[in-house]
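Down below is the structure, laid out as structure tokens.
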Amino acid sequence: MSAGVVLVDREGRVLMQLRDDTPGIMYPEHWGLTGGASAKGETPEQTARREVMEETGLQLGHIEPFRAYYFQDTPTGTGAKPSRSKAKADFEVYVFHAPCETPLEELICGEGRELKFFTPEDFDDLPIAYNHRDVLSDFFGSAVYAEYVTGAAFRGRAHTDALETFLASLIAGEPWFDALMRAIALWQSPGETVDGRPYRYLIGGEAFDWLLLAERLLEAAAIAAPGAIPFDARERLLFEGIAPPADDILDRASRLTDERLREMIGEHKHRAHLNYLYGVVVEQALQYAVELDLAKERGSQNIRDPRYDVETYDPIYDRIYNHPRSQLLQEFREGQSLKDTAYITLSELHEFYYWLFKYRVANQEPARVASDTRKALAQLSRIEAVAGRRKREPADAPA
């Protein structure tokens, strides 16, 4: 694995390093992007940062992923050929990008013979190392590079910039799923209200609902770039977590793996996603599992609670949390300074689920928490198994 960074100055020029001319070196006297091979245990981002520091003396602040490239060894040993499948690749190259406002004379050429900035036109006759000519061609043709040319990349990015970048990428013809996940990785706002609908992407400051953010971005895309995203592909992503197929026509659409999600949205957001998974999704599954248990025990799931004359008692909450739902909801709303209304919005319900998860962890014995969590995960597995079986059955199969 190797990684590098495309460093761009305010004139839209890219920093390149002239390689040495020593025996045994690959691509002697060729120009290449800053970067190199990973050390053991390094992530791509750690590699990229270390290599830039060693080759230029720069300690980078925020950097963003651009694209990953995969290669296979050729059977004849004549080099490597591009591969569109990470699983089949022998080499992985991760490319990031970042603004560079340090003057050339202040950079330290720690490796190679020279550092120099080049415009896109300068690369036509320049000897380029590795696959860096293809990388630069992809980069110069992207909406990301347009932000450097317009100066937007040097102003910092709020969530509106992420949305605008996403829409610009769609209009430019970039693959919609890659553009969507890049926008999610860039997003900064924990929540917003759009056309009267509240969106709470980050619950409790630590649980990230990335699919809700994806829904918000896809709704904006349907207005700004109609037809750019197939409706069926959008629905499969939002409701089943199914990613569209890769460029390789032999690849089929498949469930977005946890590893791929981490690579696309970053480590920090991925950890917050796991908080949402266990604090909201698993909590919902636990309530459903207990509901099924109660359905076996009784004929009705709603029994009047003798302690409350006018409210309906939900035995699910008493079984899991040892208190009625009305009492827990009131306690949650008081703690969050929310109005006590007769209804609850979807965003507030998800916040309530996360609060219940933390309430359960704080007020129950660890063994009970672990047991309930296992029950919920088993229920989720059963739901996914049934859903998968139904998708495989022909449309006219008997119910």
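The values are calculated or read from the model by the stated rules, or taken from the named source; none is laboratory data. Computed from a predicted model, the values in this text were never measured in an experiment. Heads up, the Cβs are rebuilt from the backbone with ideal geometry, glycines too, and the neighbour counts pull from every protein chain shown.
Things worth noting here:
- Annotation: of all residues in segment 191-215 being touching a strand residue (DSSP E or B) at 6+ places or on another chain (Cβ under 8 Å) and at pLDDT below 85, the one that is farthest from residue 268 (Cα to Cα) is 193.
- Output for segment 87-130, where each listed residue is within 23 Å of residue 178 (Cα to Cα), out of contact with any helix residue (DSSP H, G or I) (no Cβ under 9 Å at 6 or more places or on another chain) and surrounded by fewer than 18 Cβ atoms within 10 Å (Cβ to Cβ): 87, 88, 90, 91
- Extreme residue, surrounded by the fewest Cβ atoms within 10 Å (Cβ to Cβ), among residues of segment 342-399 that are within 16 Å of residue 322 (Cα to Cα) and either among the charged types (D, E, K, R) or at pLDDT below 85 (or both): 365
- Selection status of residue 52, within 23 Å of the chain's Cα centre (by Cα) and under 23 Å from residue 149 (Cα atoms): no
- Considering residues of segment 136-152 that are of a type in the set (Ser, Thr, Tyr) and surrounded by fewer than 17 Cβ atoms within 10 Å (Cβ to Cβ) only, the residue modelled with the lowest pLDDT: 150
- Residue check for residue 347: outside the structural domain of residue 206 (by TED's automatic domain parsing), out of contact with any helix residue (DSSP H, G or I) (no Cβ under 7 Å at 6 or more places or on another chain), of a type outside the set (Phe, Trp, Tyr) and touching a residue at least 40 places away in the same chain (Cβ under 8 Å): yes
- When residues of segment 207-240 are limited to those that are of a type outside the set (A, V, I, L, M, F, W, C) and within 20 Å of residue 347 (Cβ to Cβ), the one surrounded by the fewest Cβ atoms within 10 Å (Cβ to Cβ): 219
- Any hit, segment 3-17, residues being at pLDDT 95 or above and over 30 Å from the mean Cα position of the chain (by Cα): yes
- Filter result (more than 26 Å from residue 29 (Cβ to Cβ) and in a helix (DSSP H, G or I)) within segment 125-156: 143, 144, 145, 146, 147, 148, 149, 150, 152, 153, 154
- Looking only at segment 2-13, and only at residues there that are among the aliphatic types (A, V, I, L, M) and in contact with a helix residue (DSSP H, G or I) (Cβ under 7 Å, 6 or more places away or on another chain), the one that is farthest from residue 154 (Cα to Cα): 3
- Where a residue in segment 12-31 is at positive phi and its partner, wherever it lies, is among the basic types (Lys, Arg) and in a loop (DSSP other than H, G, I, E, B), with Cβ under 7 Å and at least six apart: 27/19; 29/19
- Residue within segment 153-170 that is buried (at least 20 other Cβ atoms within 10 Å of the Cβ) and in contact with a strand residue (DSSP E or B) (Cβ under 9 Å, 6 or more places away or on another chain) present: yes
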